[in-house]
Amino acid sequence: MTNYKDDADKVIAAEKQHIGEGKETDTKRIGLAFSGGGIRSASFSMGLTQSLVADGKLAKMDYLSTVSGGGFLGSSLTWFLSQKSSDG
C-alpha cells in the first residue's frame, strides 16, 4: 500500500532544499502570482514585474504561479530567467 503522506513529505523536503539554497532554513518563502484575464492581466503583470525588478525584489521570489493571461508573462519570465542562469 502506498503511503502518500510519506511521498508528499519527500517532495516537500526536496523542494525546500532546492529553494533554500543560499537561504536560512527558517526563512519565509515568498510567492508571486499572475492572475488570469487575457492580455490585460499580462500587461498588468508586466508592469508589476518591472517594478519588482527596479526595486531589486524579483530576485527574492521563491515561487511563481500563473493562470490564463498571467501565463503569457509567467512563461516568458521563466524562460528569460532560465537563459540568464544558464549563461553563467
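The values are calculated or read from the model by the stated rules, or taken from the named source; none is laboratory data. Bear in mind the structure is a predicted one, so any value in this text is a computation, not a measurement. Positions of Cβ are backbone-derived with ideal geometry, glycine not excepted, and every protein chain shown enters the neighbour counts. For accessibility, only protein heavy atoms count, side chains too; no ligands or nucleic acids. Shrake-Rupley method; radii C 1.70, N 1.55, O 1.52, S 1.80 Å.
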Take segment 1-60 and flag every residue that is under 13 Å from the mean Cα position of the chain (by Cα), modelled with pLDDT of 90 or more and part of a loop (DSSP other than H, G, I, E, B). 57
Of (1) open to solvent by less than 50 Å² (accessible area, probe 1.4 Å); (2) at negative phi, residue 40 satisfies all except one. Which? (1)
Which of the residues spanning segment 32-57 are touching a residue at least 24 places away in the same chain (Cβ under 8 Å) and closer than 26 Å to residue 12 by Cα? 32, 33, 34, 35
